[in-house]
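The values are calculated or read from the model by the stated rules, or taken from the named source; none is laboratory data. Please read all numbers here as calculations on a predicted model, not as lab measurements. Glycine gets a Cβ as well: all are built from the backbone with ideal geometry, and neighbour counts include every protein chain shown.
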Amino acid sequence: MIRIPSIRNEAGLTGDRLARELSLTRRDFLRDAAGLALGSALLGASPSLRAQAIRKKRKVVVVTFGGGARDQETFAPEGQENIPHLLTELAPQSSFYTHMMNQGILGHYVATASLATGVYETLNNFSVTPPEHPTVFEYFRKDLKRPASNTWVVAPSNGFNRIGESNSRLYGPGTGAGVILPKHLLNAATASGGHDYGHLLRDNYETLLDVAPAGGSEVELEQLDRILKLSVDDFMGHARTVSSPDELSMYIVKRLMREESPDLLWVTMHDIDIAHSGAYSLYVDAIRRTDRLCADLWKTIQSDPEYAGNTTLFVLPDFGRDSDTDAGGNGFQHHRTGGAASRTTWMMALGAGVREGTVYDRPVQSIDLVPTIGAIMGFSAKLSQGRPLMELT
Ligand SMILES: [Zn+2]
């Protein structure tokens with residue numbers, strides 16, 4: 001396991017203590033602003049909630065932010081105006097973990113792959129390779145004998161082509177999730193030129209990535225009609241009305257929910273990572289948009305009879321960003337120091353089986369997500385190195 005380096009900040013706090021302080025102040029912000037109460041790990045989900053949740057077939061939706069946001073721009077008093085939906089609508093209905101550690105590599109593809117396998121993956125972040133360990137999608141489909149149409153990933157296009165299935169010999173090709181990369185689809189649709197979708201097609205905010213040939217389980221443009229009942233013209237027409245790649249992703253997500261009703265759905269957003277450009281206002285705009293899109297998705301879940309009442313929604317950043325005091329960092333812009341602020345993040349769980357309005361401040365890990373989903377849905381994440389979060393199972 002990769003250990004957090006024991007670094008010190010100006011106040012002389014080590015990485016572990018800084019992480020703890022971040023978690024505790026985040027907990028206090030939530031208690032003050034959203035009225036959450038401190039939960040006991042011994043309580044678990046309430047039996048009535050559990051019974052309610054299993055009456056219908058259980059579904060799980062995961063939303064990750066590729067490129068986390070710091071507390072200064074979110075949960076801290078000076079940032080709360082940027083996340084009105086997360087703070088006042090979603091958090092009070094959630095079980096909120098204030099101390100989630102990511103001890104892996106802080107690149108977006110590799111970190112999302114780690115979230116999806118429950119193992120800190122070590123693949124090259126800037127290559128288009130599948131995760132080494134089985135993904136949550138493979139565990140889900142194999143153990144529960146589900147068809148390919150039952151689990152989907154919608155992700156940005158910077159290298160996420162192969163996130164749907166691993167190269168594990170026990171699982172692998174043909175056993176994972178279909179992957180939809182809306183920007184790749186839009187790129188293919190506009191290949192003939194003559195359209196201006198530049199604001200939606202901007203891809204990687206960090207390093208130029210050679211766009212590799214499609215592989216794995218990525219959906220191609222010609223499949224759009226069959227899977228989403230969406231013509232290329234309608235797709236392009238809708239793209240003209242959205243202002244960001246994440247809005248385009250959310251359009252695809254809603255379409256998937258309507259046409260396929262997948263039981264396991266994974267959405268990775270990426271607008272916030274525009275912070276790498278150094279433009280603080282664009283970073284804050286993206287936080288506000290992400291806040292709105294999360295609430296919009298939660299509303300969609302609650303108003304869709306296939307999802308309402310039997311769905312657990314997880315919302316979490318892949319990791320954080322550098323603090324203003326990290327030596328060698330550049331504040332909000334990057335996540336390159338590996339310091340406590342860039343590793344200490346949070347997760348909220350809402351919906352079926354969740355004890356509402358409860359905050360947990362004990363340290364948990366990013367790799368605990370997959371075994372937790374397994375415990376909720378009834379499959380075993382055998383090779384994951386995380387542990388199920390007992391309060392949710
Ligand atoms: Zn980034």
- Residues of region 107-126 being within 16 Å of the ligand (Cβ to nearest atom) and over 13 Å from the mean Cα position of the chain (by Cα), in sequence order, are Gly107, Asn124, Asn125, Phe126
- Filtering region 251-303 down to residues that are outside any helix (DSSP H, G or I) and surrounded by fewer than 20 Cβ atoms within 10 Å (Cβ to Cβ), which residue is farthest from the ligand (Cβ to nearest atom)? Ser261
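Given the options Gly331, Gly357, Gly320, name the one that is surrounded by fewer than 23 Cβ atoms within 10 Å (Cβ to Cβ) and within 16 Å of the ligand (Cβ to nearest atom).
On the way: Gly357 fails: within 16 Å of the ligand (Cβ to nearest atom); Gly320 fails: surrounded by fewer than 23 Cβ atoms within 10 Å (Cβ to Cβ).
Only one candidate qualifies: Gly331.
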- Note on the structure: Residue pairs within 6 Å by beta carbon, gap of at least six or interchain, first lying in region 108-126 and within 14 Å of Gln385 (Cα to Cα) and in contact (Cβ under 8 Å) with a residue 60 or more places away in the chain, second in a loop (DSSP other than H, G, I, E, B) and within 15 Å of the ligand (Cβ to nearest atom), listed first then second, are Ser114/Gly104; Tyr120/Gly104
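So which of Thr393, Thr325, Thr337 ends up being closer than 23 Å to Arg141 by Cα and among the polar types (S, T, N, Q)? Steps first, answer last, please.
Details: Thr325 fails: closer than 23 Å to Arg141 by Cα; Thr337 fails: closer than 23 Å to Arg141 by Cα.
Of Thr393, Thr325, Thr337, the one residue that is closer than 23 Å to Arg141 by Cα and among the polar types (S, T, N, Q) is Thr393.
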- Note on the structure: Within region 249-288, residues being in contact (Cβ under 8 Å) with a residue 40 or more places away in the chain and over 21 Å from Phe235 (Cα atoms) number 15
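Please go through region 334-354 and give me each residue that is in a loop (DSSP other than H, G, I, E, B), in contact with a Lys or Arg (Cβ under 8 Å, 6 or more places away or on another chain) and within 14 Å of the ligand (Cβ to nearest atom), ordered by number. Give the derivation first.
Applying the first criterion (in a loop (DSSP other than H, G, I, E, B)) to region 334-354 yields 334-339, 352-354.
If we keep only those that are in contact with a Lys or Arg (Cβ under 8 Å, 6 or more places away or on another chain) as well, we get 334-335, 352-353.
Of everything in region 334-354, those that are in a loop (DSSP other than H, G, I, E, B), in contact with a Lys or Arg (Cβ under 8 Å, 6 or more places away or on another chain) and within 14 Å of the ligand (Cβ to nearest atom) turn out to be His334, His335.
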- Task: Would you tally the residues in region 228-250 being buried (at least 22 other Cβ atoms within 10 Å of the Cβ) and either closer than 30 Å to Thr337 by Cβ or touching a Ser or Thr at 6+ places or on another chain (Cβ under 7 Å) (or both)?
- Result: 3
- Task: Tell me which residues, restricted to region 231-243, are in a helix (DSSP H, G or I) and free of Cβ contacts under 8 Å to residues at least 24 places away in the same chain.
- Result: Asp233, Asp234, Gly237, His238
- Message: Against the condition surrounded by fewer than 18 Cβ atoms within 10 Å (Cβ to Cβ) and under 29 Å from Val359 (Cα atoms), how does Gln72 come out, does it pass?
- Response: yes
- Message: Based on this model, can you work out whether Phe137 counts as at pLDDT 95 or above and either part of a strand (DSSP E or B) or at positive phi (or both)?
- Response: no
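Report whether or not Asp246 is modelled with pLDDT of 90 or more, within 16 Å of the ligand (Cβ to nearest atom), in a helix (DSSP H, G or I) and of a type in the set (D, E, K, R). Outline the logic, then answer.
Working: modelled with pLDDT of 90 or more: yes; within 16 Å of the ligand (Cβ to nearest atom): yes; in a helix (DSSP H, G or I): yes; of a type in the set (D, E, K, R): yes.
Spelling it out, Asp246 is indeed modelled with pLDDT of 90 or more, within 16 Å of the ligand (Cβ to nearest atom), in a helix (DSSP H, G or I) and of a type in the set (D, E, K, R).
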- What's the number of the condition Phe319 fails, among (1) of a type in the set (A, V, I, L, M, F, W, C); (2) farther than 17 Å from Gly66 by Cβ; (3) in contact with a His (Cβ under 9 Å, 6 or more places away or on another chain)? (2)
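Just wondering, is there one or more residues in region 164-183 that are modelled with pLDDT under 85, more than 18 Å from the chain's Cα centre (by Cα) and of a type in the set (Val, Ile, Thr)? Explain how you work it out, then say what you get.
Of region 164-183, the ones modelled with pLDDT under 85 are 172.
Filter once more, so that each one left must be more than 18 Å from the chain's Cα centre (by Cα): 172.
Those still in the list that are of a type in the set (Val, Ile, Thr) too: none.
No; the residues of region 164-183 include none that is modelled with pLDDT under 85, more than 18 Å from the chain's Cα centre (by Cα) and of a type in the set (Val, Ile, Thr).
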- Message: When the residues of region 36-76 are narrowed to those that are more than 19 Å from Met347 (Cβ to Cβ) and either part of a loop (DSSP other than H, G, I, E, B) or within 16 Å of the ligand (Cβ to nearest atom) (or both), which ends up modelled with the lowest pLDDT?
- Response: Arg55
- Message: From the list Ser342, Ser384, Ser380, exactly one residue is surrounded by fewer than 17 Cβ atoms within 10 Å (Cβ to Cβ) and of a type outside the set (Asp, Glu). Which is it?
- Response: Ser380
- Which of the residues belonging to region 355-376 are of a type in the set (A, V, I, L, M) and either within 19 Å of Asp143 (Cβ to Cβ) or part of a loop (DSSP other than H, G, I, E, B) (or both)? Ile367, Leu369, Val370, Ile373, Ala375, Ile376
- How many of the residues making up region 130-177 are in contact (Cβ under 8 Å) with a residue 24 or more places away in the chain and farther than 20 Å from Ile227 by Cβ? 18
